[in-house]
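J.: Quick one: this structure, given as structure tokens, is what I'll be asking you about.
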Amino acid sequence: MIDYKDIKRAANLVTHSIGPADIAVILGSGLGGYEEQLIDPAEIDYDEIPGFPASTVPGHAGKFIAGTLHDKRVLVMSGRVHSYEGYGMDKVTLPIRVMRLIGVKTLIVTNAAGAVNVEFKPGDLMLIDDFINLSGRNPLRGKNLDRFGPRFPDMTYAYDRELRQIAFQEAGKLGVNLKRGVYCWMNGPTFETPAEIRMVRNLGADAVGMSTVPETIVARHSGMRVLGISTITNMAAGVLDQPINHEEVLAAGELVKEPFRRLVNAIIDRLPEEEITEM
Ligand code: HPA
């Protein structure tokens, strides 16, 4: 079990080397490069941060980059780790706890996802309205870290309503066709079977993926506001009569990089100033 002292140690090192941040953006598969526009960037590799996991997946780098964007302090997490890489939930979500301790109040979490909703198509962006956790896991299992949040955190507003509204307004202004829907977290690393996709469609999911939900849960536990955006990279298994592969996921990520960047920038520009208590 990770404890407060370990998290604090990692957070102190991060603040010391790249400074604090108010907003964090987690880049999903294929979305790397967003950090290049930060002004006065400073970066730290995960392997320099005590307790941090190393990303093992192509398309995920493995560093924190902090800098200024629209006069706001932004931390970009380039490369996340997933539970299918063999890491426990503590490791997968340690970066989120560290973000909280360096001052992050708003988390923009992004991912690559398969379309369960047949109205979607590869290259669409989907605002996450809610999630379904079909992984059988929860990152808050174990002793509660009371300094971060309560034993039984509310998930009614997992994805912040005001931030979702801002995202929609900004997408409209930019002419970005932003879909919306429910994201379902599956363990991976196998892509799903067609039967599993029919099941999750019946359960109310619009997109499936292998990330995002653990980070959302841990961020909400500690009171951060969360906005989630999926890049639809492929039709989920069985929608088309063809196999799915990671290369197409990365290639579709490349295609949406520019609308993604413009949308996230516009959202960051609009983010309200937040008060958050010191921990
Ligand atoms: N399933 C799960 N995760 C994914 C998919 C998918 O079809 N596409 C991108 N990430």
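The values are calculated or read from the model by the stated rules, or taken from the named source; none is laboratory data. These numbers were taken from a predicted model, which means no experiment stands behind them. Backbone-built Cβ (ideal geometry, glycine too); neighbour counts: all protein chains shown.
J.: Show the residue pairs meeting these rules: Cβ distance below 6 Å; 6+ apart or different chains; first residue within the stretch 234-253 and under 20 Å from A205 (Cα atoms); second residue small (G, A, S) and within 11 Å of the ligand (Cβ to nearest atom).
T.: Note: pairs meeting the criteria are N234/G114; M235/A115; A236/G114; A236/A115; V249/S29; V249/A112.
J.: Please verify whether the stretch 185-193 includes one or more residues that are within 20 Å of the chain's Cα centre (by Cα), free of Cβ contacts under 8 Å to residues at least 60 places away in the same chain, within 14 Å of the ligand (Cβ to nearest atom) and buried (at least 16 other Cβ atoms within 10 Å of the Cβ).
T.: yes
Every residue, every condition in (1) closer than 22 Å to K91 by Cα; (2) near the ligand (Cβ under 10 Å from one of its atoms); (3) at pLDDT 95 or above; (4) not small (G, A, S), yes or no:
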{"position": "K173", "(1), (2), (3), (4)": "no, no, yes, yes"}
{"position": "G181", "(1), (2), (3), (4)": "no, no, yes, no"}
{"position": "G204", "(1), (2), (3), (4)": "no, no, yes, no"}
{"position": "G223", "(1), (2), (3), (4)": "yes, no, yes, no"}
{"position": "S230", "(1), (2), (3), (4)": "no, yes, yes, no"}
{"position": "E247", "(1), (2), (3), (4)": "no, no, no, yes"}
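J.: Of the residues A219, A251, A266, A205, only one is small (G, A, S) and either surrounded by fewer than 18 Cβ atoms within 10 Å (Cβ to Cβ) or in a strand (DSSP E or B) (or both); which?
T.: One residue alone meets the criteria, A251.
J.: Find the residue count for the stretch 39-57, including only residues that are within 16 Å of V76 (Cβ to Cβ) and buried (at least 19 other Cβ atoms within 10 Å of the Cβ).
T.: 4
J.: Here are the criteria: (1) under 18 Å from S78 (Cα atoms); (2) surrounded by fewer than 15 Cβ atoms within 10 Å (Cβ to Cβ); (3) at pLDDT below 95. Tell me which single one Y34 does not satisfy.
T.: If we test Y34 against (1) under 18 Å from S78 (Cα atoms); (2) surrounded by fewer than 15 Cβ atoms within 10 Å (Cβ to Cβ); (3) at pLDDT below 95, just (2) comes out false.
J.: Which residues, counting only those in the stretch 151-171, are of a type in the set (K, R) and either surrounded by 15 or more Cβ atoms within 10 Å (Cβ to Cβ) or under 11 Å from D129 (Cα atoms) (or both)?
T.: Once the filter is applied, which keeps residues that are of a type in the set (K, R) and either surrounded by 15 or more Cβ atoms within 10 Å (Cβ to Cβ) or under 11 Å from D129 (Cα atoms) (or both), the stretch 151-171 yields R161, R164.
J.: Just checking: which of the strands (runs of 3 or more DSSP E) contained wholly in the stretch 31-117 hold 1 or more residues that are among the hydroxyl-bearing types (S, T, Y)?
T.: 63-69, 72-78, 106-115
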